[in-house]
Amino acid sequence: MVTPSRLFVGLCVLAACSLAIQGETWSQAGSDRIKGNQIYMEKGCALCHAIHGKGGKAGPDLSGVGAKRDAEWLEQFMISPKAVVPQAKMPAFKGSAEEREALVAYLQSLR
């Protein structure tokens, strides 16, 4: 027979496990965003794009891009900007798939 106290303890254990798993996922996402920010700076994205008022003005401001574009759109745009937006002046992203994914995670965090 399951008593109310055993049920409560079981639910607490389940909740703790769930939070631990989510924490690992959130931690990885946070790491990707940090790495993406570094790639953004290293690849010179800030020469053309501004985020929160800092950076260039040749390209669009990316401050809220994560609320406007999904990850798939951002990735496709980085691979071939003109295929997604024919009038785009941005060159294709020069970097590894891992770097591109981290940059997309960073841009998705900008809301």
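General remarks:
- Just one residue in the set Gln28, Gln38, Gln76 is part of a helix (DSSP H, G or I), modelled with pLDDT under 95 and either crowded, with 17+ Cβ neighbours inside 10 Å or within 17 Å of the chain's Cα centre (by Cα) (or both); that residue is Gln28.
- For the stretch 61-76, a tally of residues being out of contact with any Leu (no Cβ under 7 Å at 6 or more places or on another chain) and within 16 Å of Pro91 (Cα to Cα) returns 3.
- Some residue of the stretch 61-72 being under 17 Å from Ala50 (Cα atoms), part of a helix (DSSP H, G or I) and not hydrophobic (A, V, I, L, M, F, W, C): yes
- Tabulated pairs, the stretch 92-111, first in contact (Cβ under 8 Å) with a residue 40 or more places away in the chain, second crowded, with 19+ Cβ neighbours inside 10 Å and among the aromatic types (Phe, Trp, Tyr), C-beta under 9 angstrom, 6+ apart or interchain: Phe93/Phe77; Glu99/Phe93; Leu103/Tyr40; Leu103/Phe93; Tyr106/Tyr40; Leu107/Tyr40
- Qualifying residue in the stretch 71-87 (condition: among the basic types (Lys, Arg) and touching a residue at least 24 places away in the same chain (Cβ under 8 Å)): no
The values are calculated or read from the model by the stated rules, or taken from the named source; none is laboratory data. This one's a predicted model, so the numbers in the text were calculated from it and none came from an experiment. Using ideal geometry, Cβ is built from the backbone for each residue, glycine included, and neighbour counts are taken over all protein chains shown.
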